[in-house]
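> Structure in structure tokens, see below.
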Amino acid sequence: MKRLLLALLLLAAPLAPVAWVPAAWAPVAWALDPTEQLPDPAQEQRAREIGRELRCLVCQNQSIEDSDADLARDLRRIVREQVAAGQGNSQVMAYLHARYGDFVLLRPPFNAGTALLWATPVLALGAGLLLMLAMRRRRPPATPAALSAEEQARLAELDRVP
């Protein structure tokens, strides 16, 4: 039981720093070329907010704002072009979603195609709990074994000694 818990802790340890860092602390992509930025600060802020919601298709666990991959740079450029053209946040997201599918969204929608993706953490936790219960039930309770005649004689002898 202790080994299982230690193994789960060791498997989850690399994820802990990522899970505890607020999104506001995430750095802006270092590869963002100043010439790519929009002249209007409000539009640039909107473009960055949209970019934080989109997954880099190369890095897979970074937003396009945090990635320095060429594809992420292209996606940032598309987002900024759409924002500059007057498209709303949901329209830009819908455009990229239609082009790249659910995978481009860092928070994919819950539907029949993504149900397993959303349910995997709960299923993994449930499987782990069931495994721990099964291991606990399989182990017989610790009951002392009966003493042999020789051991009983030795015990009686020790009881007599003051």
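The values are calculated or read from the model by the stated rules, or taken from the named source; none is laboratory data. Predicted model only: the values in this text are computed from it and were never measured. In this analysis, Cβ positions are derived from the backbone assuming ideal geometry, glycine residues included, and neighbour counts consider all displayed protein chains.
> Between Ala29, Ala19, which is out of contact with any Ser or Thr (no Cβ under 9 Å at 6 or more places or on another chain), at pLDDT below 70 and of a type outside the set (S, T, N, Q)?
Numbers: Ala29 fails: out of contact with any Ser or Thr (no Cβ under 9 Å at 6 or more places or on another chain).
Within the list Ala29, Ala19, the selection yields Ala19.
> I would also like to ask the following. Go through the residues of segment 77-85 one by one and say whether even a single one is out of contact with any helix residue (DSSP H, G or I) (no Cβ under 7 Å at 6 or more places or on another chain), polar (S, T, N, Q) and on the phi < 0 side of the Ramachandran plot.
No, segment 77-85 contains no residue that is out of contact with any helix residue (DSSP H, G or I) (no Cβ under 7 Å at 6 or more places or on another chain), polar (S, T, N, Q) and on the phi < 0 side of the Ramachandran plot.
> Moving on. Look at segment 45-55 and say how many of its residues are charged (D, E, K, R) and free of Cβ contacts under 8 Å to residues at least 24 places away in the same chain.
Step one: list which residues in segment 45-55 are charged (D, E, K, R), which gives 46, 48-49, 52-53, 55.
Retained after the next criterion (residues that are free of Cβ contacts under 8 Å to residues at least 24 places away in the same chain): 48.
Count: 1.
> While we're looking at this one, here's another question. Report those helices (runs of 4 or more DSSP H) wholly inside segment 56-162 carrying at least 3 residues which are touching a residue at least 24 places away in the same chain (Cβ under 8 Å) and aliphatic (A, V, I, L, M).
Fully inside segment 56-162 and qualifying: 70-84, 89-100, 115-138.
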